[in-house]
Amino acid sequence: MTFRNLCTALALGFGASVANAADIEIEAIEAGTLRINLAGRTVTVDGNPVELTSTEFDLLVHLARHPGRVFSRAQLLDQVWGYQHAGYEHTVSSHINRLRTKVEADARHPDYVLTVWGVGYKFRD
């Protein structure tokens, strides 16, 4: 079951209709030992706090809210940074690399933020 399906099932279990199940606010996203507290804008790994910049946090949340969906660098620039310019695509790669050093046990062999070669990045399924 995907994360989105689980949230919908939980919402329906609490009496929400399918139409408004997607509108229910998710307070946290968990994957393995990674926990993202959306309201508090905090991240922990193995229960230990991880210091992220505002942009790193927004990038992680964007990817984690769409597990398995691949985003190109241009899409991430547009959706996370709010602008699109080919000259800035390296910015995404730099932020992904820094994010991995903070949330992954081994940044060279990531478990959460994955590269889809020739396409972009995704959060694990």
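The values are calculated or read from the model by the stated rules, or taken from the named source; none is laboratory data. Quick caveat: nothing in here was measured; it's all calculated off a predicted structure. Positions of Cβ are backbone-derived with ideal geometry, glycine not excepted, and every protein chain shown enters the neighbour counts.
Just give me the residues in the stretch 1-34 being modelled with pLDDT of 95 or more and more than 25 Å from residue 82 (Cα to Cα), in sequence order. Matches in the stretch 1-34: 30, 31, 32, 33, 34.
Cβ-Cβ contacts under 8 Å between residues 6 or more apart (or on different chains), taken from a first residue in the stretch 36-52 that is touching a residue at least 24 places away in the same chain (Cβ under 8 Å) and surrounded by 15 or more Cβ atoms within 10 Å (Cβ to Cβ) to a second residue that is among the charged types (D, E, K, R) and assigned to a strand (DSSP E or B), are listed as 36/30; 43/35; 45/35. Exactly one residue among 75, 79 is of a type in the set (S, T, N, Q), modelled with pLDDT under 95 and surrounded by 16 or more Cβ atoms within 10 Å (Cβ to Cβ), and that residue is 75. Please determine whether any residue of the stretch 80-99 is part of a loop (DSSP other than H, G, I, E, B), without any contact (Cβ under 8 Å) to a residue 60 or more places away in the chain and of a type in the set (A, V, I, L, M, F, W, C). Within the stretch 80-99, none of the residues are part of a loop (DSSP other than H, G, I, E, B), without any contact (Cβ under 8 Å) to a residue 60 or more places away in the chain and of a type in the set (A, V, I, L, M, F, W, C).
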